[in-house]
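Have a look at the structure below before the remarks.
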Amino acid sequence: MKKEKNAGLISFALGWVGKKQLKILKKVSKNCATEEEKTLRGILTYAKDTEWGKAHSFEKILEAKSYDELFSLWQKNVPVQDYEDLRPFIDRHKNGEENLLFPGKPMMYATTSGTVKEPKWIPITQDYYANVYSKMTKLWLYTFMMHRPKVFWGKCVSIVGRVVEGYAPDGTICGSVSGVTQRDCPEFIKSLYSAPSDIFHISDYRSRNYALMRTGIEQNVTSFITANPSTMLELQRTVDENLDEMIKDIENGTLSSKFDISDEIRSALSHLYAPNKRRADELRALKEKYGRILPKHYWPDFQFITTWKCGNTNVYTEKLKDFFPEHTLHQEFGYFASECRSGLVMNGDSDTVPFPHAHFFEFTDADDMENSSPRFLRLSELEVGKRYLIYITTYAGLYRYNMNDMIEVTGKYGTIPTIQFIQKVNGIISMTGEKVHERQFMQAVKEAENETKLKTRFFVGFADVNESVYHFYFDFMDENVTAELCESFTKVVDEKLKKINVEYEAKRDSFRVKAPVPHLLKAEAFEGYKEEAIKQGLGRDGQFKLNLLMQDEKRHAIFKGLLK
């Protein structure tokens, strides 16, 4: 009864704050174009007196009498940007200067991997944080309840980054927006989480996973939030390898000394643990009955998981299908990046509703990507079924910022086009004009699996432009696959790719692209790659991303060290 009463109070509180934001979104959805214009004028007004605003004539643009004139003046005065264009201004902000890209200074920076130099420091202003992340999180959690009313009757495992990962020269923190959002959320929301933020400050990657699952498996968990589905696979592997140790810890109310966890963090976590023989016996019984126990066994009341499902992550979502109870809803995490929280998935499945009242969006047709002067479209002008490249403008100093992402328009939420992420544009490799898409490579591997009956646990491809050759790396489910079988499998992938991409076929047949080179990875190579990549600053845990087809020697070098 107490559990149901607490769940009811939390559901009521979330419903109260969530319904308010949902009402606003529904009103906005009635006229997408009107909201777009309001947002662009709002951003221009907000930043018109900054150095950037003055240099790009924001005040003059605001004199436009119509939306069409406003959009025309906007394009004329503000060129498309990438991070390197903005880096000098961000660096000055980091050193304490104010009123450059936006009024004042950032409240924090979100870090993400860079494309040319060191990692990107994405500024987050107080206005952007309060009006996007804070309000949107409440609506986001409410959408879970809309589809699974009992989603918060138990605990939630939520994977977030560190609140503080470092500091700018002026003392401003850089870190994880998800961590800050969790830190700042109301107490009734904090009570939902299975683990405090202290766990995410455990520096050793495997030790942190152990602490997270040792804590979570003792509780009645009903929801799971993480960007990348591979995280759930890694956490389950932690259970597979350490279940007996977890049971012993639960029975004794301890946190195993076998893992590298500082005394300070152990002290901060100690209040969570007390001897729990009943739960230890339950887990032993489950192990005796099933052998390998999965979330559907140790979390039988589980309701809801949200991860990325689109793009290359579906390689991992396929592997989660049998992990959870049948009634579980697996919802798309949504189109979400360090640069912006563009919108939310509202339908319980995979379509992101972009928020035109929080960002200004622009798009170019995906078929125009090699056009040096493409036509730019507004969100309200997009067509269902077509693919576009996306550019964003925010209240945090990103102006006509090229996200290097391809999206597809899937439908409408009122008048707002809904979108799905397809792939990074830099997931398209063209050494000699073959233009191989990451999704084409993925399709070729899947077809090869069907033909050869060899199943991969993980695969990745790299282009060597100097040698005009692709290197394909495979980790097979059957660990007895030989180098010879790997070579045969690669030949099938090559043939499938020729049929999928006529330009690849032409380049292969003309020997402008050589036959792909096969490589056999050791078991669980992805986990080894991820750990090393995070150490090298090539990605961040929690929102770790990996294109499956790349031209990137730093990442390639890591895989060269993971061969059988």
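The values are calculated or read from the model by the stated rules, or taken from the named source; none is laboratory data. Everything quoted here is computed from the prediction, not taken from an experiment. Every residue, glycine as well, gets a Cβ built from its backbone with ideal geometry; the counts of neighbours run over all protein chains shown. All accessible areas refer to the heavy atoms of the entire protein, side chains included, with ligands and DNA or RNA removed. Shrake-Rupley method; radii C 1.70, N 1.55, O 1.52, S 1.80 Å.
Which trypsin sites (Lys or Arg not before Pro) from region 309-381 combine a DSSP loop assignment with at most 16 other Cβ atoms within 10 Å?
Those satisfying the criteria are Lys321, Arg375.
Mind giving me the FRET efficiency for Lys321 and Gln75? R0 is 45 Å, r the Cβ-Cβ distance, nearest 0.05 is fine.
0.50
Output ³J(HN,Hα) for region 235-242: one whole-Hz value per residue in order, computed from phi by the Karplus curve 6.51 cos²θ - 1.76 cosθ + 1.60 with θ = phi - 60°, and x for Gly and Pro.
Computed from phi, the couplings for region 235-242 are 5, 5, 4, 4, 5, 4, 7, 10 Hz.
Which pairs in the list Lys38/Lys94; Lys522/Lys560; Lys321/Lys446 are over 22 Å apart, alpha-carbon to alpha-carbon?
Pairs exceeding 22 Å: Lys38/Lys94.
If amide H atoms are built 1.01 Å from N in the plane of the peptide, which residues on other chains or at least 5 residues away come under 5 Å of the amide H of Asp405?
Correct list: Ile390, Val425.
Please report the antiparallel percentage of the DSSP beta bridges confined to region 453-564, to the nearest 5.
If we restrict to bridges inside region 453-564, about 60 percent are antiparallel.
Give the long-range amide H neighbours of Thr456: residues separated by 5 or more places, or on another chain, with amide H under 5 Å away, using H modelled in the peptide plane at 1.01 Å from N.
Placed amide hydrogens put Met477 under 5 Å from Thr456.
Each label point is 7 Å from the Cα along the Cα-to-Cβ direction; what then is the distance between the points at Thr452 and Glu531, in nm?
Each label point lies 7 Å from its Cα, and together they span 2.7 nm.
Would you calculate, for the chain, the mean residue ellipticity at 222 nm contributed by helices, counting each DSSP H stretch of 4 or more residues as -39,500 (n - 2.57) and dividing by all residues, to the nearest 500?
Helix contribution divided over all residues of the chain: -12000 deg cm²/dmol.
Just want the answer: with Cβ charges of +1 for Lys and Arg and -1 for Asp and Glu, which residue in Phe462, Gln236, Phe526 is farthest toward the dipole's positive end in the chain?
Looking along the dipole axis, the top candidate is Gln236.
What longest region of the chain stays clear of GluC sites (Glu not before Pro) that DSSP places outside H, G, I, E and B and that have at most 14 other Cβ atoms within 10 Å?
In short, 99-325.
Explain nothing, just the number: relative contact order of the chain, from Cα pairs under 8 Å at least 6 residues apart, as a whole percent.
In percent, rounded to a whole number, it is 13.
How would Arg512, Arg206, Arg278, Arg555 rank on accessible area, largest to smallest, probe 1.4 Å?
Result of the area sort, largest leading: Arg278, Arg512, Arg206, Arg555.
Highest first, please rank the peptides 87-94, 23-30 by the mean number of other Cβ atoms sitting within 10 Å of their residues.
Ranking the peptides 87-94, 23-30 by packing returns 87-94, 23-30.
Want the number for Asp260 to Lys435: 0.36 nm per residue separation, take away the alpha-carbon distance, what's left? Each step should come with its number before you reach the end.
Details: separation 175, 0.36 × 175 = 63.00 nm, distance 4.53 nm.
Going from the current span to full extension adds 58.5 nm.
Enter the accessible area of Met146 (Å², nearest 10), with the probe set to 1.4 Å and all protein chains included.
80
Viscosity 0.890 mPa s, temperature 25 °C: Stokes-Einstein D of region 125-174 from its Kirkwood Cα radius, in µm² per second? Numbers along the way, then the final one.
Values: Rh = 13.5 Å.
This corresponds to a translational diffusion coefficient of 181 µm²/s.
Kindly provide the chymotrypsin sites (Phe, Trp or Tyr not before Pro) of region 469-564 that DSSP labels as loop, not H, G, I, E or B, and whose Cβ sees at most 14 other Cβ atoms within 10 Å.
The qualifying sites are Phe511.
Could you compute the FRET efficiency for Ser267 and Asn95, with r as their C-beta to C-beta distance and R0 at 30 Å, rounded to 0.05?
0.25
Quick one: what are the phi-derived ³J(HN,Hα) couplings along region 145-161, Karplus 6.51/-1.76/1.60 with θ = phi - 60°, whole Hz, x for glycine and proline?
The phi angles translate into 5, 4, 9, 9, x, 9, 4, 10, 7, x, 8, 10, 8, 10, 8, 10, x Hz.
Please work out whether region 289-391 counts as rounded, prolate or oblate from its C-alpha gyration tensor, where a ≥ b ≥ c are the square roots of the eigenvalues and a/c under 1.5 means rounded, while otherwise a/b larger than b/c means prolate and anything else oblate?
It is prolate, given that a/c is not under 1.5 and a/b is the larger ratio.
Grab the Cα-Cα distance for Met477 and Arg375, subtract it from 0.36 nm times how many residues apart they are, and report the gain in nm with one decimal.
Here the segment from Met477 to Arg375 would lengthen by 32.1 nm.
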